[in-house]
Amino acid sequence: MTTVARTRRAQPDDPTARTYRVAVLGSSGGNLRSHGGDDPATLLGEVHRQLTAAGIELTAIQFVAAAGSMDSTEESAPATLWELVDGVPLPVQHGSLAEINELAARRDAELAEAVHAGRLDGLVLISADPAGTNQRVVRAAAAGQLPASGTGGTSIATAQSMGLRLVSASGTTGTTNATRAVAYTSGLARHWDLRYRPVLGASNTVAKGSPWRRISVRGIMVSSIPAFIAMALLLAISKIPGLDVVSEVFDTLIDGLPIVVAAMAARKVSGLDEVGVVAGAIAGILSVPGGIVGGFVGGVLAGVLASYLLAWTLAHRFPATTANIAAGGIAGLVPGLLVYYALAPLTSALGGGVKDGVTQLLEFSPLLAGAAAGLVIWPAIMAGVYHSVILPLVLLEMGEKGHSFFGAIDLVALVMVSLGITTANLVAPRASGERALAASGAAVNFGFGTFVEASYPFMLADKKVFAGALLSAGLGGLVVGAVGAEATAYVPSLVAPFVSTNAVGIVLAMLTAAAAAFTCTLLINLRARRRAAATS
């Protein structure tokens, strides 16, 4: 078959430039579903828009959208198969998830044949299933060394372990439909040396369906992560001698977090972009006395009310300008006043209860609390519980005091353990092809404090590596509890100590977890290599 070769920089209006053809493979995913995967029309439309801007032709789509998160959805759950019809992403078949997966598998075989025939030049993976409904085309692309870009921690790690050439890869947390689409396109454009300028701004696609069904705790909280990280960085700056005056700015920022959460909640729930953000901001300003939980409640109610108000005003022939003002203004004002005058004491108590609960847990037995949290966090993330329970808990803690015990556990037991596992496979892989996979995972974990799923292929391939990960996470958590450190993940490893409450203590915990994971994995790999050499 033909393989993709790098060419000179192509210009959008150059008739002699080669047109590269790609297919989009994926699903509404587990964590992705609360980050835009529940709205396939917008998600796929954004990808199509960005690819077109780079002069890349989207020739096929194979996307399975389920009624619930793939982390817990049953095979009998309703699902839909999306494909590209006359250049537009459309739903083509409805049925149970099992039936749709079977149809997708048939489409997978057709796409694999297109790769073999040279009719596809690259892939975009969106929480795909490389070991299931997408396995044929992924294996064909890997064999032909076609470039691919994508997101979805578990699926990307699996695709990399199958030899797929990922030119852009990451997890889903903290992304949006727009940022993911830009990342996919940027990776492919960079690989093919294409000129690409992202197309930003509204895509004129409004979410459909009941706004109540768009309420997602993890989707809203995770979308707000940048504000929490900015707050943590500001806290670190305030600790620098001579810059303690910045602590006043920190107090202002922490007071403003409910506004950010409310704006994100209203935007997501309403599906109205700018109108939703305005409604959420108004509700958030009035919800500040209620803390993070107050901002969440006010934003959700603002989003619901904005959706209904816009529909009602337009149905009664209000001018569009008036409809927008009503949806953005009144929808923000009413819930905001409700929180301000009635719900703030309750929501503030709930937020404070999280802080007090963690404090009491640590006072009871910091060593036990740290070790237990470290041991359960890997099963939690692999079972899909992390993003819906632990991460919102981290952000609630940070919203109360600027740092988090569970944030330190996240950093130490997940990021550092993943770094240790991937580094060991970089030093002594079982197979030469695993070194590149481990190198990219180690770099992202160390440099950005995320993409812990990079260690999945090694953990799932050998239960002893997984057991070593649990042991290392438990040890790291034990040290976190012993030193009483609080911090956050999602920052570079070198920055993490400066956003913690105990820089020396958190460094000790980080080194303990990483060293333990590295040593366990290295010994397991060396033993496996000796066995392989003895039998060859």
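For the stretch 353-374, a residue qualifies if it is among the β-branched types (Val, Ile, Thr) and open to solvent by 50 Å² or more (accessible area, probe 1.4 Å), and exactly one does: Thr359. Among residues of the stretch 195-215 being within 16 Å of Asn177 (Cα to Cα) and surrounded by 14 or more Cβ atoms within 10 Å (Cβ to Cβ), the one that is modelled with the highest pLDDT is Arg214.
Of all the criteria given as (1) open to solvent by less than 30 Å² (accessible area, probe 1.4 Å); (2) modelled with pLDDT under 85; (3) under 22 Å from the mean Cα position of the chain (by Cα), the one not satisfied by Val385 is (1).
Quick one: which helices (runs of 4 or more DSSP H) sit completely within the stretch 224-290 and have at least 3 residues that are more than 22 Å from the chain's Cα centre (by Cα) and surrounded by 24 or more Cβ atoms within 10 Å (Cβ to Cβ)?
Details: elements: 225-238, 246-270, 274-287.
It comes to 274-287.
The residues of the stretch 477-503 that are touching a Pro at 6+ places or on another chain (Cβ under 8 Å) and part of a helix (DSSP H, G or I), listed by number, are Gly481, Ala482, Ala503. Just one of the numbered conditions (1) touching a Phe, Trp or Tyr at 6+ places or on another chain (Cβ under 8 Å); (2) part of a loop (DSSP other than H, G, I, E, B) is not true of Arg317; which one? Here Arg317 clears every test but (1).
Would you confirm whether any residue within the stretch 421-428 is more than 20 Å from Arg218 (Cβ to Cβ) and surrounded by fewer than 19 Cβ atoms within 10 Å (Cβ to Cβ)? Let's see the steps before the verdict.
So the first thing to find is which residues in the stretch 421-428 are more than 20 Å from Arg218 (Cβ to Cβ), and the list is 421-428.
Subset that is surrounded by fewer than 19 Cβ atoms within 10 Å (Cβ to Cβ): 427-428.
Scanning the stretch 421-428 turns up at least one residue that is more than 20 Å from Arg218 (Cβ to Cβ) and surrounded by fewer than 19 Cβ atoms within 10 Å (Cβ to Cβ).
Pairing each residue of the stretch 493-511 that is more than 16 Å from Gly370 (Cα to Cα) with any residue that is open to solvent by 60 Å² or more (accessible area, probe 1.4 Å) and part of a helix (DSSP H, G or I), provided the two are 6+ apart or on different chains, yields C-beta distances under 6 Å for Ser493/Phe446. Within the stretch 388-404, the set of residues being closer than 25 Å to Met70 by Cα and open to solvent by less than 40 Å² (accessible area, probe 1.4 Å) comprises Ile390, Leu391, Pro392, Val394, Leu395. Quick check on my filter: what residues within the stretch 88-104 are of a type in the set (Gly, Ala, Ser) and out of contact with any helix residue (DSSP H, G or I) (no Cβ under 8 Å at 6 or more places or on another chain)? Across the stretch 88-104, the qualifying residues are Ser96, Ala98, Ala104.
Of note, Ile377 does not satisfy the criterion of being open to solvent by 10 Å² or more (accessible area, probe 1.4 Å) and of a type outside the set (Ser, Thr, Tyr).
For the structure I just gave you, tell me whether Thr423 is over 29 Å from Ser127 (Cα atoms) and at pLDDT 90 or above. Criteria not met by Thr423.
The values are calculated or read from the model by the stated rules, or taken from the named source; none is laboratory data. None of these values were measured; they are calculated from a predicted model. No Cβ is skipped: glycine too gets one built from the backbone with ideal geometry, and neighbour counts run over all protein chains shown. These accessible areas exclude ligands, DNA and RNA; they are computed on the full protein's heavy atoms, side chains included. Shrake-Rupley method; radii C 1.70, N 1.55, O 1.52, S 1.80 Å.
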